[in-house]
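Notes to accompany the following structure.
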Amino acid sequence: MVRWRAMDRIGPPLAVAVVALVAIRLALLPGVDFWDTGELQTVGPVMGTAHPTGFPTYVLLAWLANLVLSPFGEPALRMNLFSALCVAGAAALTVDLVRALTRSLPLGVAAGLGLALTEFVWSIGTHAETHSLHLLLGAILLRLLIAWADGEPGRATDRRLLAAAVVYGLAVGNHSLTLLLAPAVGL
């Protein structure tokens, strides 16, 4: 019985993530590109420094992704794949977030698929881009804050708030746009 409940909880977000990943993989940039994409394809695998702000969270996680994804081709392709995985993860978290807010699984699945297949999100998922990690960290942050707000007072609730603070710090290290979330998070 417990096993089926776990599958009911993680099955739909996982299915949306797989659909998003397969769809994005079909359009994934196969190699090196120019401008910011080329820079991010380069700095991640060598743990370099990107243009200001440097995107330290992206660089560290891209370096780790480069190691984990090493069987999947050249470093440029691995960095593009890292962006696709971030978008797929954000789509899966969107399913769970919308389901938690509306108590509707079909609406959550539609929101997750809609997010992944939106033109802008689709474009940041097909090549190395800091915004794909920004999207994932934002989804994690919102999910943790909703879980914190819905939780019973106690140690588990405190851990959710602490985890949200850590994710917010990582998100600020990835992109300064996260600072715009500070007033909403504070409220």
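Laboratory data are not the source of any read-out in this text; all were calculated from the coordinates shown. For clarity, every value in this text was computed on a predicted model and none was experimentally measured. As a convention, Cβ positions derive from the backbone with ideal geometry for all residues, glycine included, and neighbour counts pool all protein chains shown.
For the reader, a short list of remarks on this structure follows.
- Size descriptor, Kirkwood hydrodynamic radius, that averages inverse alpha-carbon separations across the stretch 147-187, Å: 11.0 Å
- Computed from Cα atoms, the angle from the helix 56-68 axis to the main principal axis of the chain rounds to 80 degrees.
- Three-way shape call for the stretch 90-187 based on the alpha-carbon gyration tensor, with the a/c threshold at 1.5: oblate
- Degrees separating the helix 130-150 axis from the principal Cα axis of the chain, which is the longest one: 10 degrees
- Think of it as helices only: each DSSP H run of n ≥ 4 in the chain is worth -39500 (n - 2.57), and spread over all residues that comes to -25500 deg cm²/dmol at 222 nm.
- Rg/Rg_ref, the chain, where Rg_ref = 2.2 N^0.38 Å and atoms are Cα: 1.05
- Taking every alpha-carbon pair under 8 Å whose residues sit at least 6 apart, the stretch 4-118 reaches a relative contact order of 33 percent.
- Formal net charge of residues neighbouring Ile146 (Cβ-Cβ distance under 10 Å; K, R +1; D, E -1): 0
- Of all the options Leu101, Leu69, Leu60, the one that moves most in a Gaussian network model of the chain with Cα springs shorter than 10 angstrom is Leu101.
- The value given for the stretch 51-100 is a Kirkwood hydrodynamic radius of 12.1 Å, derived from the mean inverse Cα-Cα separation.
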